[in-house]
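What follows is a short report on a single structure.
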Amino acid sequence: MVSYSTPLSDLFIKTKAENRAALIGYLPAGFPTIADSAKVIAAMVKGGVDAIEIGFPYSDPVMDGPVIQNAAEQSLKQGTSASDVFNLMAETTKLGVPAVVMTYWNPIEKYGVDAFAQSLKAAGGSGVITPDLTVEESARWAAASENSEINRIYVIAPSTSDNRMPLVTSQCSGFIYAASLMGVTGTRTSVSGDARSLVARIRETSTLPIAVGLGVSNAAQAHEVANYADGVIVGSAFIREVQESGSIDEACTRVRELARSLSAGVRR
């Protein structure tokens, strides 16, 4: 069991005391530009987002839908690097909110497992979400994350068996990422009914906070998920606001307004 605290774990203690869910906003580093990604994140925070999930842009994002894929491709074309990701992390945590990186395993291995954990910690980051890393293949990452005292967050899907569930949840810290459906990220007209049952199944094996991602795009959906989960993760909806804007100022205004709406949803 993890014995250290992080800004992320402290956040969930705070939101539990306030009897509400945490709102977590996602944005790929380097989108829409390396300079402007910090402005978009600041707009999220001003609108009421409690924590930030920074995406490490990757060329083969198996979990990501077209909205996030397009944003990541735009970021990669601009040459976004690991140092840009960590610089954005440092700028984000200066805003007074906890932040994590969402990344596939390849960039961690390429950067250096221990070095990645150390760089994240140095930038003020709380942890890393690793959607394609299994617990069976996590020995090096487990050691590195624990040495740097950062949270290790795995993704649990509705297809995870009851036998496997405790194996995965026991290796998580900070929170458990519950994927609301079998599929890729993206906004949807409704949140999958699998989400509620998945959260219930996870709670049978762990007392850690559970955050639901994939598909939440408006205040009504955020409110629905907040009724049974400890955190609500929103990514594609924020990115779409940026993609549909004609300028960075318009993008920040639209992102801030969406964040306010979602924040009201998790607090209702």
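Just so you know, all these numbers are worked out from the coordinates, no wet-lab data involved. Note that the coordinates shown come from a computational prediction; the quantities given were computed from them, not determined experimentally. Don't worry about glycine lacking a Cβ; one is built from the backbone with ideal geometry, like all the others, and counts go over all protein chains shown.
Numbers for the structure displayed
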{"read-out": "Neighbour-count ranking [beta-carbon atoms within 10 angstrom, fewest first] of PHE116, PHE86", "value": "PHE86, PHE116"}
{"read-out": "For VAL155, VAL128, order by how many other beta-carbon atoms lie within 10 Å, fewest first", "value": "VAL155, VAL128"}
{"read-out": "For the range 198-268 and the range 50-126, distance of Cα centres in Å", "value": "19"}
{"read-out": "Percent of Cα pairs exceeding the 33 Å cut-off, where the set is the chain", "value": "10"}
{"read-out": "Expected 222 nm ellipticity per residue - DSSP helices of 4 or more, -39500 (n - 2.57), all of the chain, to 500", "value": "-14000 deg cm²/dmol"}
{"read-out": "GNM flexibility winner over the chain from GLY55, GLY246, GLY79 (Cα, springs under 10 Å)", "value": "GLY246"}
{"read-out": "The chain: relative contact order in percent, alpha carbon pairs under 8 Å with at least 6 residues between", "value": "23"}
{"read-out": "³J(HN,Hα) computed for each position of the range 158-175 - Karplus, 6.51 cos²θ - 1.76 cosθ + 1.60, integer Hz, glycine/proline x", "value": "x, 7, 4, 6, 4, 5, 7, 3, x, 4, 6, 5, 5, 9, 8, 8, x, 7"}
{"read-out": "Least to most buried among ILE248, ILE150 (fewest other Cβ within 10 Å first)", "value": "ILE248, ILE150"}
